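Worksheet for the structure shown next.
The values are calculated or read from the model by the stated rules, or taken from the named source; none is laboratory data. Note that the structure is predicted; figures quoted are calculated from it, not measured. Note that each Cβ is placed from the backbone with ideal geometry, even for glycine, and that neighbours are counted across all protein chains shown.
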Amino acid sequence: MTSRLDEILAQKRIDVAARKAARPHVGEGPARPAHVFRTALSRNPGARFILEAKRASPSQGSLRPALDAATVAAAYVGVADAISVVTDGPFFGGSLEFLGELRAAVPEPTPLLCKDFVVDPYQIAEARSYGADAVLLMLSVLDDETARTCLAEAERLGMDALVEVHDEAELARALALPAPIVGVNNRDFRDLSVSLTVTERLAPRVPRDRILVSESGVATHADVMRLGPLVDGFLVGSALMKSLDLRVAARHLVTGAVKICGLTTEEDAAAAASLGATYGGLIFAESPRRVSLERARVLAASTALPLVGVFRDAQVRDMAEAASTLGLAAVQL
């Protein structure tokens, strides 16, 4: 029985062969610094985030068909340690041109990962020519000889490779290559099922001198907290692409829920929203930043930011009136 992965790979081989025939020799494009992807995933303590841009996926259909480079840059720069760009066209709605547009839109030193189904080292040179700093190599797709050839080509070009595995056998192969950066994909491409337990099962087998990234199925900050002790970073795509506000969703994933309290002016509310706050806090208790119910009405009308009322020693009826009048998301006592 043909799996979805088999279908994707069959089309990919046709497409790559056609591109090689039309353009046998790929230039490297503008000079880029070497190994910035690995550096970005190594430089800070705590989890690192590779946030992804993709317009569709076989498992979830159309996600964000009108996604453009400017939107991605505005949402991810300053939050992501690296940005993943899905360039497969037939199944994911991407393109190498989209990668190039992102390279122009995203300021240095943010590295870009070209995420595609690599079946030929030719694709690595292609990715570099469009501004990629790293490529994805899937061991479910590549035999060891081809994987080594691809790693060597990436090294020649000063690029990094995220070597993806899904089970114990693939992990053993990745470690033997040896792959400096290993990605554990929680999705089984045979049936598209997803389970974070894949990372939990494989992570203890990865030596500390490798960078370990968990891919697929990470949707919330709670997922990050669950897997954070086991891995160095996360690659997150679909959960962000399905969000109403990409910029806010990216910040919520990385930092969790954040309340900016003590809003007193419309400018305060606008600033809190623009910074990616989850909630805005209105203080009704005695405080230099206390607001009246009338002032709170004006603030609530000026923003779509969910608001929390902060009370101390207040009557239940007063809190209920404020919650009802303002449409408070929560009450803090």
Can you tell me which of (1) at pLDDT 95 or above; (2) more than 26 Å from Gln60 (Cβ to Cβ); (3) among the hydrophobic types (A, V, I, L, M, F, W, C) is the one Met225 doesn't meet? (2)
Sort through Lys12, Lys54 and tell me the only one that's in contact with a Ser or Thr (Cβ under 8 Å, 6 or more places away or on another chain), assigned by TED's automatic domain parsing to the domain that holds Leu227 and under 24 Å from Ala125 (Cα atoms). Lys54
Condition test on Asp144, is it under 26 Å from Gln60 (Cα atoms) and at pLDDT 95 or above? no
Among residues of the range 26-45 being buried (at least 17 other Cβ atoms within 10 Å of the Cβ) and part of a loop (DSSP other than H, G, I, E, B), the residue nearest to the chain's Cα centre (by Cα) is His35
Considering only the range 266-288, I want to know if a residue exists there that is modelled with pLDDT of 95 or more, of a type in the set (Phe, Trp, Tyr) and more than 30 Å from Ser42 (Cα to Cα). yes
Being of a type in the set (Lys, Arg) and at pLDDT below 95 narrows it down to one residue among Arg247, Arg205, Arg210; which is it? Arg247
Of all residues in the range 195-211, count the ones that are free of Cβ contacts under 8 Å to residues at least 24 places away in the same chain, under 21 Å from the mean Cα position of the chain (by Cα) and not in a helix (DSSP H, G or I). 1
Which condition does Ala105 not pass, out of (1) within 21 Å of Ala250 (Cα to Cα); (2) touching a residue at least 60 places away in the same chain (Cβ under 8 Å), if it passes all the others? (2)
Output yes when any residue across the range 72-81 is under 23 Å from Val118 (Cα atoms), hydrophobic (A, V, I, L, M, F, W, C) and in the same structural domain as Leu136 (by TED's automatic domain parsing), and no when none is. no
When Leu263 is evaluated against the numbered criteria (1) at pLDDT 95 or above; (2) outside the structural domain of Ala323 (by TED's automatic domain parsing); (3) surrounded by 14 or more Cβ atoms within 10 Å (Cβ to Cβ), which criterion, by number, is the only one it fails? (2)
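Considering only the range 260-333, give the helices (runs of 4 or more DSSP H) lying wholly within it that have at least 2 residues that are polar (S, T, N, Q).
The qualifying helices (runs of 4 or more DSSP H) are 316-326.
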Of these, Arg187, Arg156, which one is among the charged types (D, E, K, R) and touching a residue at least 60 places away in the same chain (Cβ under 8 Å)? Arg187
